[in-house]
Amino acid sequence: MTDSVLSIKNLTKRFGRQTAVDGVSFHIEPGERAALIGHNGAGKTTLIKSILGFLTPEEGSISVLGNEPGSNAARRSVAYLPEAVAFQKALTGVEILTFFSRLKGEDPKAVPGLLEKVGLSEAGRRRVGTYSKGMRQRLGLAQALIGEPSLVLLDEPTSGLDPVSRQDFYALVEEVAARGAAVLLSSHALSEVEAKTDRVLIMAHGKLVADDTLASLRRAARLPIRLRVQGAEVAADEIAQRLGGRRVNCRSVELFCDADEKLSHLAAISALGSLVEDVEVTLPSLDDVYRHFTGVDAKKES
Amino acid sequence: MFTRVLAVASLEIRIGLRNRWLLLATLILAAFSLALALLGSAPAGTLGVDRMTITVASLASLSVYLVPLLALLLAFDAISGEIDRGTALLIFSSPISRVEFLLGKAIGHFAVILIALLLGYGLTAGVLVAFGGGSLAGLTDFARLIATSAMLGLSFLAIGYIASSATRAPGTAAALAIGIWLVAVVLYDLALLGALVADNGGTFSRSVFPLALLANPADAFRLFNLAALGASDLVGGMAGVSDALPYPPSAALAAIAGVTLAAFAAAAAILKRIEP
């Protein structure tokens, strides 16, 4: 436990009567990529600001490599990319990275290499005012990579990025984690992080409602798989009768099953032979899984 | 610590150059001081006083209006702007302390003001020397004017940082900065004058008024410069006051330094409590 890069115990932060973070505990190990998922106002940013030491929690404790959050030792080992950051438009990418290198006590000679890593070598000498949103976000990531930090906190780093930029972004995150840094990135949608993280932490109303790998969360949610069988001719009634599904139209039948029943159902379908023309298998979407852990649980509580 | 302070300071100077702030400030100071030097030099010959000295007396009055305005306009964005852009989160999550950050901003802004003063007033001094109106005594007067104007600028930078960190929003900070300028430079003197007239030589005139002059850096600056020029015979008005005050003119300089330090301490205290 002591080698955790980030260790949070029973953290509670209130603003007046509103509890923004409510009894959250988790650890992140070196080289781990963890996604912090929650809708707007779930407490993600409050949690991240507490890790940075900007907010003082009412209860619980945070330790960054064994140091107090916000202490000099912690600040030296943490890198951070805020959700909305607008660098001075009049400055160039090189000037901004040089400035942050000097603030962090790192050699500005590494700046061209950092710019190349995020694909901004060409644009480095141009003013930030001329950058696209994706380029500004990559500049922000380059800033977070200065000096090989042990913990990288990224607050909604991919919101507003196109799919290609997002993939490039996660490729960089993977590289950082491979070097041994722990990465905690927040997002409002599970579908945005997909398979790009090792672990998923889901927050709802300030509470941590799930903490596991995506595959385990899928299993735990026990959401049904949908099978849609298309008959060869006008045979929906017969197929529905033999499989026990629901008739959608005159050719198609829909049925739902658990993950462990999938194969037996598929066997039954193939046993129908020429009656079936096509089968469509739909796994529960990531949004369904997310809704299961946040929405349904919240309803149970109230 | 030194590299971090210097990093903030040099970035401010760079921004001042890049967005033509420095150029604009220099042009304003040069234009106004040249106008005063050339138009106001007509009576110098008849009075038999050094032409540069009387120009410096006029420029001291110009500095009282322009330098606090320039300083406040530079300072209002220092903290509120970083919060607004979200860069405060980045800066304060890196290993720089809030005091180091404020110190860096102040050094950078001070350098911008100092360069503008050196170039702007320097140009006027150069023009006077070139046209044969200069003397060694006149040049030291100019040097004293530039040095004390820079001090005046620093004091209003510190006051501007209070406004910037207390409001945390650039729009509100800008409005507050203009308000501070109006009060410190215009309304403060009017109020003192009104009180003096109403008091008619009573306790206020004898004990409160001299201290009230020291409390406002703009008044302390004017007091020191006009006394140093021995200009009471030149311009009258406020300058005549200095002879009747219960402290030497150098106390005015100490007062500016004191106000500056107090304002810095206040701005740093507010900044330390800010959650970006």
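The values are calculated or read from the model by the stated rules, or taken from the named source; none is laboratory data. Note that the structure is predicted; figures quoted are calculated from it, not measured. Cβ atoms come from the backbone with ideal geometry, glycine included; neighbour counts cover every protein chain shown.
Failed condition for residue A:143, given (1) part of a loop (DSSP other than H, G, I, E, B); (2) over 18 Å from the mean Cα position of the chain (by Cα), with all others met?
In the conditions (1) part of a loop (DSSP other than H, G, I, E, B); (2) over 18 Å from the mean Cα position of the chain (by Cα), residue A:143 misses (1) alone.
Looking for something within 26 Å of residue B:2 (Cα to Cα) and without any contact (Cβ under 8 Å) to a residue 40 or more places away in the chain - is there at least one such residue anywhere in region A:147-160?
Taking every residue of region A:147-160 in turn, at least one turns out to be within 26 Å of residue B:2 (Cα to Cα) and without any contact (Cβ under 8 Å) to a residue 40 or more places away in the chain.
Does any residue in region B:197-211 that is charged (D, E, K, R) come within less than 9 Å, Cβ to Cβ, of a residue that is loosely packed, with under 12 Cβ neighbours inside 10 Å six or more places away or on a different chain, and which pairs are these?
B:206/B:246
On the basis of being out of contact with any helix residue (DSSP H, G or I) (no Cβ under 7 Å at 6 or more places or on another chain), at pLDDT below 90, farther than 30 Å from residue B:6 by Cα and of a type outside the set (A, V, I, L, M), does residue A:10 make the cut? Walk me through it before giving the result.
On the way: out of contact with any helix residue (DSSP H, G or I) (no Cβ under 7 Å at 6 or more places or on another chain): yes; at pLDDT below 90: no; farther than 30 Å from residue B:6 by Cα: yes; of a type outside the set (A, V, I, L, M): yes.
Judged against the criteria, residue A:10 is not a match.
Say we look at region A:53-67 and pick out the residues that are in contact with a Lys or Arg (Cβ under 7 Å, 6 or more places away or on another chain) and more than 13 Å from chain B (Cβ to nearest Cβ); which of these is surrounded by the fewest Cβ atoms within 10 Å (Cβ to Cβ)?
Here the residue is A:58.
What are the residues in region A:256-274 that are surrounded by 11 or more Cβ atoms within 10 Å (Cβ to Cβ) and either touching a helix residue (DSSP H, G or I) at 6+ places or on another chain (Cβ under 6 Å) or among the small types (Gly, Ala, Ser) (or both), if any?
If the condition is that a residue be surrounded by 11 or more Cβ atoms within 10 Å (Cβ to Cβ) and either touching a helix residue (DSSP H, G or I) at 6+ places or on another chain (Cβ under 6 Å) or among the small types (Gly, Ala, Ser) (or both), then A:257, A:259, A:268, A:271 are the ones that fit.
What number of residues within region A:1-10 are crowded, with 17+ Cβ neighbours inside 10 Å and either outside any loop (DSSP other than H, G, I, E, B) or among the hydrophobic types (A, V, I, L, M, F, W, C) (or both)?
Of the residues in region A:1-10, 4 are crowded, with 17+ Cβ neighbours inside 10 Å and either outside any loop (DSSP other than H, G, I, E, B) or among the hydrophobic types (A, V, I, L, M, F, W, C) (or both).
Do you know which residues across region B:149-196 are part of a helix (DSSP H, G or I), farther than 19 Å from residue B:258 by Cβ, in contact (Cβ under 8 Å) with a residue 60 or more places away in the chain and not hydrophobic (A, V, I, L, M, F, W, C)?
Once the filter is applied, which keeps residues that are part of a helix (DSSP H, G or I), farther than 19 Å from residue B:258 by Cβ, in contact (Cβ under 8 Å) with a residue 60 or more places away in the chain and not hydrophobic (A, V, I, L, M, F, W, C), region B:149-196 yields B:164, B:165, B:167, B:170, B:172.
Tell me the residue from A:13, A:89, A:49, A:44 that is of a type in the set (Lys, Arg), touching a Gly at 6+ places or on another chain (Cβ under 6 Å) and surrounded by 19 or more Cβ atoms within 10 Å (Cβ to Cβ), please.
A:44
Being surrounded by 18 or more Cβ atoms within 10 Å (Cβ to Cβ) and not basic (Lys, Arg) is the filter here, so list the residues in region A:28-41 that pass it.
A:28, A:32, A:34, A:35, A:36, A:37, A:38
Within region A:212-241, which residues are in a helix (DSSP H, G or I) and either aliphatic (A, V, I, L, M) or at pLDDT below 80 (or both)?
We begin by selecting, within region A:212-241, every residue in a helix (DSSP H, G or I); these are A:214-221, A:236-241.
Result: A:214, A:215, A:217, A:220, A:221, A:236, A:237, A:238, A:239, A:240, A:241.
Hey, can you tell me all the residues within region A:103-124 that are in contact (Cβ under 8 Å) with a residue 12 or more places away in the chain and charged (D, E, K, R)?
Those that are in contact (Cβ under 8 Å) with a residue 12 or more places away in the chain and charged (D, E, K, R): A:104, A:106, A:117.
Looking at (1) away from chain B (no Cβ under 12 Å); (2) over 18 Å from residue A:37 (Cα atoms); (3) assigned to a helix (DSSP H, G or I); (4) without any contact (Cβ under 8 Å) to a residue 60 or more places away in the chain, which is the only condition residue A:169 fails?
Going through (1) away from chain B (no Cβ under 12 Å); (2) over 18 Å from residue A:37 (Cα atoms); (3) assigned to a helix (DSSP H, G or I); (4) without any contact (Cβ under 8 Å) to a residue 60 or more places away in the chain one by one, residue A:169 breaks only (2).
For the subset of region A:79-102 comprising residues that are facing chain B (nearest Cβ under 7 Å) and under 29 Å from the mean Cα position of the chain (by Cα), which member is nearest to residue B:100 (Cα to Cα)?
Per the stated criteria, the residue is A:100.
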